[in-house]
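One structure below.
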Amino acid sequence: LDLKAGGVAPIVQIARLLTLSKGGTQVNTLDRLRAAGSNRAISEETANDLVDAFEFINYVRVRHQVRQLREGAAPDNHIPPASLSSFERRHLKEAFSIIRKVQGTLGFIHRTDMTS
């Protein structure tokens, strides 16, 4: 699993889109998501879910990178699913599901399928 490309980057892009759509000035992903919930760009529940997903994915990613550094390997964002606990796998699946759902909704609203 590429946690950065498959999890972190999409949430960052969602947060940017939501900020731009409402004329926000936030520059931090978590601030952008929280503002999106407050200004009704998305529901507060969805904003909170994205914050939780972002934090959990980053936690798993950083823990993986620390483990790699301790083993003398170069850190990366690719984590073998077999190295995850069942708890982590379940929560990552849920995080990715949240991301896909929001991407689908925003793609429909902003007609991103019409861009190249």
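Looking for whichever is surrounded by 18 or more Cβ atoms within 10 Å (Cβ to Cβ) and in contact (Cβ under 8 Å) with a residue 40 or more places away in the chain here; the options are Ala95, Ala41. Which one fits?
Ala95
Gln68 satisfies every condition listed in (1) open to solvent by less than 70 Å² (accessible area, probe 1.4 Å); (2) under 19 Å from Glu55 (Cα atoms) except (2). Take the residues in segment 71-81 that are over 17 Å from Gly6 (Cβ atoms) and among the hydrophobic types (A, V, I, L, M, F, W, C), then tell me which one is surrounded by the fewest Cβ atoms within 10 Å (Cβ to Cβ). So, considering only residues that are over 17 Å from Gly6 (Cβ atoms) and among the hydrophobic types (A, V, I, L, M, F, W, C), the one surrounded by the fewest Cβ atoms within 10 Å (Cβ to Cβ) is Ala74.
Scanning segment 1-20 for residues that are open to solvent by 60 Å² or more (accessible area, probe 1.4 Å) and over 23 Å from Ile79 (Cβ atoms) gives Arg16, Leu20.
Among the residues of segment 105-116, none qualifies, meaning not one is at pLDDT 95 or above, within 30 Å of Ser21 (Cα to Cα) and open to solvent by less than 60 Å² (accessible area, probe 1.4 Å).
The values are calculated or read from the model by the stated rules, or taken from the named source; none is laboratory data. Owing to the predicted nature of the structure, the values given are computational and were not obtained by experimental measurement. No Cβ is skipped: glycine too gets one built from the backbone with ideal geometry, and neighbour counts run over all protein chains shown. For the accessible areas, the whole protein counts, side chains as well, though only heavy atoms, and no ligand, DNA or RNA atoms are used. Shrake-Rupley method; radii C 1.70, N 1.55, O 1.52, S 1.80 Å.
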